[in-house]
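The values are calculated or read from the model by the stated rules, or taken from the named source; none is laboratory data. Predicted model only: the values in this text are computed from it and were never measured. Methodologically, a virtual Cβ is constructed for each residue, glycine included, from the backbone with ideal geometry; neighbour enumeration extends over all protein chains shown.
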Amino acid sequence: MNIRYEFLLIILFISSCQEEDRDSKSLYLNNRPPLISRQYLELPLGSIRPEGWLMQQLQLMKGGLTGHLDELYPSVLGPRNGWLGGDGDGWERGPYWLDGLVPLAWILDDAELKAKAMPWIEWTLDSQTEDGYFGPVPFSEEPAPEPGIQKSPRRDWWPKMVMLKVLRQYYEATKDPRVIDLMTNYFRYQFRTLPENPLDTWSFWGNRRAGDNLMLVYWLYNKTGDEFLLELAGLIHEQTYPWTDIFLNENCYSGMDRDHLFPASSNNAYPFNRELLDRLCLKQQRSFHCVNLAQGIKEPIVYYQQDPDPRYIEAVKRAFNDIREYHGQPQGMYGGDEALHGRIPTQGIELCSVTELMFSLETMIGITGDVDFMDHLEKIAYNALPTQASDDFTSRQYFQQANQVMLTRHRRNFYVQDGHGHTDLCFGLITGYPCCTCNMHQGWPKFVQHLWYATPDGGLAAIVFAPSAIEAMVTDNVKVRIKEETNYPFEDRIRFRISMERSINFPFHIRIPGWCREAVITVNGEENQRMKGGTTAILEREWSDADLVEVTFDMHISFSTWDEGSVAVERGPLVYALKIREDWRFVENKDRWGDFYEVRPLDPWNYVIPESALNDPENAFELIEMPNREIYPWNIDAAPLALITKGFRIPEWKLYNDMAGPLPHSLQRKDLIMSPEEEITLIPYGCTTLRITEFPVGR
């Protein structure tokens, strides 16, 4: 064995023992005072294992882009990358990839994936200079630009935030003490440097996304107790884009131009210009970059841990309400292509905003224990996330649409019109823009990491549901194993099988989703309690080996209202969309966007749902359950569920710019020409590529 490696193992063991001793009262890491106590405590990476279809999903990621992106995208992730010491791409894309690769590698306990990640981690840990800086070495003279490569700005605060997220996950899996040393030295460097070089000095991205920086400062403070970190946290919050004020702003008006969207760096003066601030809020279009919003929305609640003013919670709650009202779509996302762009169902949704909003919700759940955030996380994960990558995880869309009927290279009504060669809807490696090629990987692994939490009172919490297994410590340091048997979200029942070496009393928290009218909970076959939706059931009793908890949810058909009075059909956490057969065509392409796939419909799509179906959903919709649940579920052919109903075609609803044209306004037009009633099939949104999700309603 290599001497250096053997010595490192000894250090890791000692560090692990010391941390376990420090955390023995709370079992898992909670906030140190004066930070408020968290509602739920994150478990170490690797404690939660996926099973069933979720394990299949992670294995597909290993065989697809996540496990092979360095080979498929060598111009950016090859040996010239700045995060490997090279002179090539030195900004966000390498850290983005690792932010999904590292949790995937340790969740699967996969030696091959770990071997891919370790050279990047080792180089980063060895890169720190005496002043505390780490990462790609800044150029003495700016090199000539190379198409498709982001060489600079290498001192930018923003990419460091992503790599620190990577190192945090690596530490949680390995307890490597070098991570604590690097982060301590780097945050001292930030503390000294930020007054002269604020977060938007080299780009405005760090200022907008500094909630990630703040989150990591608190994480390190909870590990070390270094008091300077709380001062640093205050400085970072002060320099961060004023999300709280913007979310609470009632004085905004429309008419923002591109200079307001993408201002030049100005030593952080821009966010505190009150005249501009009064013009910013979520009620207007084009006021925010979609990914900045997905990341920035958690900052008020992250800072709430240090300053527990209710206005921070209120700000985020109001933000989500405004997003839904002015930009929302049924799958839990919002029109943002790339700027916010209203709630028309053909506005694009960037894949980066999907994965980043999921992570923001996962972060806020631990702090607040809010069931609404848990519901929202599931809605995105089980609708928006699976549809935007190909089944084999070898290609992805830059934008998706709620009403998506034609994926071709064509000019559309997106905010970004001509910058991406009109490839934004096509499935490819780098179609649209390559940031999502690297940032898509964190979605599923981090979702697995946040299926379960520990509780401050020595228990466990199942707050997001999927086939999985957990091994964790509860009261009195007793190891408990719980296997979650379910085909959720396609099934309405969950079975928790508990295994342990000796009987012990501990609380078991189970979320009851807001869409559920009533859930029935049984323990060992006997009814324990019935719970209303939007609550958390807490089962506290003496648990024994082989105990079985079963939860049955009331999954019923419901409708949500969207643009032009249209409706979306929902059941449980799933949104349903029109099933449209697909014609996939490979396009060999020689320009900068590479080869891609176009997808065209083989079926008509211009249907309305009759008003009578909304008034009597139990009789108007027939639920069909497919018998084979072992097949990968997220495609049109293997969809585990379908809803059969009646619909009418509207000939005047036609294609526009290779998109579904403007929605006919529901219930207002009496002169609409409609075809005879016919049977239509709806399947889960996440199983579709082409779809109508927002249906006009006809009389």
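Figures for the structure shown
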{"quantity": "Candidate set: region 498-510, residues that are aliphatic (A, V, I, L, M) and out of contact with any Lys or Arg (no Cβ under 8 Å at 6 or more places or on another chain); chosen: the one surrounded by the fewest Cβ atoms within 10 Å (Cβ to Cβ)", "calculated": "Ile504"}
{"quantity": "Inter-residue pairs, beta-carbon under 9 Å, first small (Gly, Ala, Ser) and in region 194-205, second surrounded by fewer than 21 Cβ atoms within 10 Å (Cβ to Cβ), 6+ apart", "calculated": "Ser203/Pro153; Ser203/Ser265"}
{"quantity": "Count - residues of region 213-251 that are part of a helix (DSSP H, G or I) and either in contact with a Pro (Cβ under 8 Å, 6 or more places away or on another chain) or of a type in the set (A, V, I, L, M) (or both)", "calculated": "16"}
{"quantity": "Lone qualifier among Gln285, Gln331 - being among the polar types (S, T, N, Q) and farther than 25 Å from Gln442 by Cα", "calculated": "Gln285"}
{"quantity": "Scan of region 474-497 for residues that are among the aliphatic types (A, V, I, L, M) and crowded, with 19+ Cβ neighbours inside 10 Å, ordered by number", "calculated": "Val474, Val480, Ile482, Ile494"}
{"quantity": "Number of the condition not met by Phe586 [criteria: (1) more than 19 Å from Arg493 (Cβ to Cβ); (2) buried (at least 18 other Cβ atoms within 10 Å of the Cβ); (3) of a type in the set (Phe, Trp, Tyr)]", "calculated": "(2)"}
{"quantity": "Verdict on Asp457 being surrounded by fewer than 18 Cβ atoms within 10 Å (Cβ to Cβ), in a loop (DSSP other than H, G, I, E, B), free of Cβ contacts under 8 Å to residues at least 24 places away in the same chain and among the charged types (D, E, K, R)", "calculated": "no"}
{"quantity": "Within region 519-543, tally of residues that are of a type in the set (S, T, N, Q) and farther than 13 Å from Phe496 by Cα", "calculated": "4"}
{"quantity": "Qualifying residue in region 111-122 (condition: surrounded by fewer than 18 Cβ atoms within 10 Å (Cβ to Cβ) and touching a residue at least 24 places away in the same chain (Cβ under 8 Å))", "calculated": "yes"}
{"quantity": "Residue, farthest from Pro159 (Cα to Cα), within region 289-324, restricted to residues that are aliphatic (A, V, I, L, M) and under 15 Å from the mean Cα position of the chain (by Cα)", "calculated": "Ile297"}
{"quantity": "Test: Gly64 is surrounded by fewer than 24 Cβ atoms within 10 Å (Cβ to Cβ), over 19 Å from Asp176 (Cα atoms), within 21 Å of the chain's Cα centre (by Cα) and modelled with pLDDT of 95 or more", "calculated": "yes"}
{"quantity": "Residue satisfying condition, being within 30 Å of Thr536 (Cβ to Cβ) and not polar (S, T, N, Q), within set Pro44, Pro74", "calculated": "Pro44"}
{"quantity": "The listed residue being surrounded by fewer than 13 Cβ atoms within 10 Å (Cβ to Cβ), in a strand (DSSP E or B) and either modelled with pLDDT of 90 or more or not assigned by TED's automatic domain parsing to the domain that holds Leu574 (or both), out of Leu643, Leu682, Leu623", "calculated": "Leu623"}
{"quantity": "Options Asp424, Asp418: the member that is among the charged types (D, E, K, R), in contact with a Phe, Trp or Tyr (Cβ under 9 Å, 6 or more places away or on another chain) and either at pLDDT 95 or above or over 30 Å from Ala537 (Cα atoms) (or both)", "calculated": "Asp424"}
{"quantity": "In region 84-122, residue nearest to Gln150 (Cα to Cα) [restricted to those that are part of a helix (DSSP H, G or I) and charged (D, E, K, R)]", "calculated": "Arg93"}
{"quantity": "Region 193-245: number of residues that are under 29 Å from Arg93 (Cβ atoms) and of a type in the set (D, E, K, R)", "calculated": "6"}
{"quantity": "Qualifying residue in region 315-327 (condition: small (Gly, Ala, Ser) and closer than 23 Å to Gln388 by Cα)", "calculated": "no"}
{"quantity": "Selection count where residues are buried (at least 24 other Cβ atoms within 10 Å of the Cβ) and among the small types (Gly, Ala, Ser), scope region 80-110", "calculated": "5"}
{"quantity": "Residues of region 123-164 satisfying the condition of being in a loop (DSSP other than H, G, I, E, B), under 27 Å from the mean Cα position of the chain (by Cα) and β-branched (Val, Ile, Thr)", "calculated": "Ile149"}
{"quantity": "Those residues of region 260-314 which are modelled with pLDDT under 90 and either within 18 Å of Asp372 (Cα to Cα) or among the acidic types (Asp, Glu) (or both), in sequence order", "calculated": "Glu275, Asp278"}
{"quantity": "Sole residue being of a type in the set (A, V, I, L, M, F, W, C), at pLDDT below 95 and within 19 Å of Asp457 (Cα to Cα), chosen from Leu8, Leu29", "calculated": "Leu29"}
{"quantity": "Filtered residue count, region 517-555, keeping only those that are acidic (Asp, Glu) and without any contact (Cβ under 8 Å) to a residue 24 or more places away in the chain", "calculated": "2"}
{"quantity": "Set Thr437, Thr455: member being more than 26 Å from Val291 (Cβ to Cβ) and β-branched (Val, Ile, Thr)", "calculated": "Thr455"}
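For (1) modelled with pLDDT of 95 or more; (2) under 30 Å from Cys516 (Cα atoms); (3) surrounded by 18 or more Cβ atoms within 10 Å (Cβ to Cβ); (4) among the β-branched types (Val, Ile, Thr), each residue gets a yes or a no:
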site: Gly369; (1), (2), (3), (4): yes, yes, yes, no
site: His376; (1), (2), (3), (4): yes, yes, yes, no
site: Ala389; (1), (2), (3), (4): yes, yes, yes, no
site: Ser395; (1), (2), (3), (4): yes, no, yes, no
site: Ala402; (1), (2), (3), (4): yes, yes, yes, no
site: Leu407; (1), (2), (3), (4): yes, no, yes, no
site: Arg411; (1), (2), (3), (4): no, no, no, no
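Conditions tested, residue by residue: (1) under 30 Å from Gly428 (Cα atoms); (2) in contact (Cβ under 8 Å) with a residue 40 or more places away in the chain; (3) in contact with a Pro (Cβ under 8 Å, 6 or more places away or on another chain).
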{"residue": "Glu611", "(1), (2), (3)": "no, yes, no"}
{"residue": "Asn615", "(1), (2), (3)": "no, no, no"}
{"residue": "Glu622", "(1), (2), (3)": "no, no, no"}
{"residue": "Ile636", "(1), (2), (3)": "yes, yes, no"}
{"residue": "Leu641", "(1), (2), (3)": "yes, yes, yes"}
